Every structure is written in C-alpha cells, then in structure tokens.
Amino acid sequence: MQAETYFSVRMRASQNGAHEDGGKHISGGEVLTTYPNLKQAINQLVEKALTHSRGNPDFMNVQFEAIDEPIQRIKPLKPETNDVDSVEEGQALAVKLLEQAGVPRHTLNKVYHQMTECFGIRGAILVDVHSGERLDSKKGVRVSRMDWLNADFERWTSEHNLPNSPRLKEALTLASKVCHHPVTIAELCWSDDPDYVTGYVASRKHGYQRITRLKEYQDERGCRIFFVDGKANINTYMNYLEKQPIFVEMEGKQ
Ligand code: WAQ
Ligand code: MG
C-alpha cells in the first residue's frame, strides 16, 4: 500500500512590513496535513495570526509543499509542571535545570547577559554550550515539518492531566523534535505573547519541565534558545530542524 502524501504548511505574519524588512513578528505556525485537510489547516493558521494578542499583522506568508521523505515517528517528552510564585523563582529554577542538563554556568551567564538577541525574532537562537557563542544566522532558525495528531494529543493530555490547548501541543511537538536530536543539550523557552507567562526547560535528561512564571504579564519579549554541542556538524543539525518530517505520538520511538 502506498503511504498517503503529506504536506508541510508554514505561516508567518508580521506588522509594519515583512520580517525581512524589519517588521514586528506577530505569529508563526507549522503543521503537517493531508490534501483533503489542507484547506482547514491553512484556515487555522490564518485565524491564529489574524486574532493574535501581539497585534494585527499587515504582512502574512502562507506556504505549503508536498513532502517526499518518510515521516519519522517519535515519542513526546515526559512532562512535569513546576509551580513558582515569582519570575525570579522561575528563572532561578530554569538556570538550575539547564545546568543539570549539561549547560555550563559560564555559558548561561553569557547568554543571560545577551538575552536581547532572542527578543523580536521569529526563530530560535542556537548557542554552543562550550563557548556560549551563537551559531545561527541573525534571524534565528525556525523548526518546521512537525505535528501531533489531535486525537493522540488529547489522549496524552488527559493521561497527564494537562490542558488540551493548541499552544501546549505546539510547544511539546517542537521540544520533542528538538530534543530527539543528540546534538541538542537543552532548550529554554517562554512565549512572546503578552498574556502567556508559562515557559519551559526541555532536555532528554529531564523531559519537558514547565515553569509557571518565566516573565511578567504584558511583556512581549519571548525567548527560544537551543543549547547545542558546537563540536558537531551544525549544518546537518539545522537541516534536521528545518526539513526532517516528524510526527509526535504516544507509541513513537523513544
Ligand atoms: N521554530 C523556532 N522558533 C520558534 C518556533 C519554531 N517553530 N515557534 C516559535 N519560535 C520562537 C519565536 O522566536 C517566538 O517568538 C518564540 O519562540 C515564542 O513562541 O504551557 O507559546 O509560540 O507548557 O509565543 C511554552 C509553554 C509556550 C507552553 C511557548 O511560544 C506550556 C509559546 P511562542
Ligand atoms: Mg508567540
């Protein structure tokens, strides 16, 4: 039997012009879908951008393409929620978890000193754990070609007592894909949406560690950093992040 063709759909929206012309990033999204579901998938991405808490976009790019490569199936990271009372407590926990995952303290000091590099871009920045140097181009790297089928995700959320929210699905799908690659040591993330303050530290070692407060409400400065082993081949790694099609599913490979 021939496998069904899947399509990768990507969306990015900005305000005051396109991203490449200095516009403010509003929203982005990436899904995998079949031809009969393409229209619905595109509509959902458009809806997401048109009703965004970061503002109304005046530029949007929606793109889809058929995927030729086989889709890899991987398991979601194990989730845990850490309740904290303040941003300070949340950030201190994030640093502790990153250190435990293998990011040296000197690298964390350097990164936190230059945190502004994370703000306002539509992708993630890549940091070498050994040197603390940034390895990507200035616009960051956007992870793509990944998804999690709704029915499987819903089953997973009810098993773990977590909200069945598209945001959680997107974050876990991305973190599971990123951490599946051995070059990733850990990921640090919080949203750039002013109304969402929960973030996470993810790693193969400790799974998906949610932290309920990593920034103040109304703050539009988000963060996404992949801490990587800079001794590895970074081009191959970037190619995996951008091009390897992946479905997260409960029965996937560890
Ligand atoms: N690839 C690389 N970077 C991305 C991607 C992607 N596909 N999607 C988002 N980013 C970067 C980009 O710089 C955004 O500005 C930043 O991450 C934040 O994205 O309750 O909502 O979609 O467990 O605003 C995490 C906690 C929520 C969820 C994260 O991020 C939970 C979130 P947002
Ligand atoms: Mg956002």
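The values are calculated or read from the model by the stated rules, or taken from the named source; none is laboratory data. Bear in mind the structure is a predicted one, so any value in this text is a computation, not a measurement. Because the Cβ atoms are built from the backbone with ideal geometry, glycine has one as well, and the counts that use them run over all protein chains shown. When the accessible area is computed, the model is the full protein with side chains, heavy atoms only, and any ligands, DNA or RNA have been set aside. Shrake-Rupley method; radii C 1.70, N 1.55, O 1.52, S 1.80 Å.
Packing order of peptides 24-30, 204-210, highest average first: 24-30, 204-210 (average count of other Cβ atoms within 10 Å over each peptide's residues).
Computed on the Cα atoms alone, the convex hull of region 13-142 gives a volume of 182 cubic angstrom per residue.
Label-to-label distance, residue 112 versus residue 151, with points set 7 angstrom from Cα along the beta-carbon direction: 4.6 nm.
For region 1-132, the fraction of 1.4 Å probe accessible surface lying on carbon and sulfur atoms is 48 percent. Spacing of the modelled spin labels on residue 43 and residue 99, each 7 Å from Cα toward Cβ, amounts to 5.1 nm.
The relative contact order of the chain comes to 25 percent, based on Cα pairs under 8 Å that sit 6 or more residues apart. Ligands, DNA and RNA are left out, and with a 1.4 angstrom probe the accessible area of the chain is 50 Å² per residue. Each Cα pair under 8 Å and six or more residues apart adds its sequence gap; the mean of these over the residue count of region 176-215 is a relative contact order of 33 percent.
The Kirkwood hydrodynamic radius of region 60-211, based on inverse pair distances between different Cα atoms, is 16.7 Å. The modelled label-to-label distance for the pair residue 142/residue 251, using points 7 Å beyond Cα in the direction of Cβ, is 3.4 nm.
When its C-alpha radius of gyration is set against 2.2 N^0.38 Å (N residues), region 180-254 gives a value of 1.27. Value of Rg to Rh for the chain, rounded to two decimals, is 0.94; Kirkwood radius and Rg both from alpha-carbon coordinates.
Shown for the chain: cysteine residues without a partner Cβ closer than 4.7 Å, namely 179, 189.
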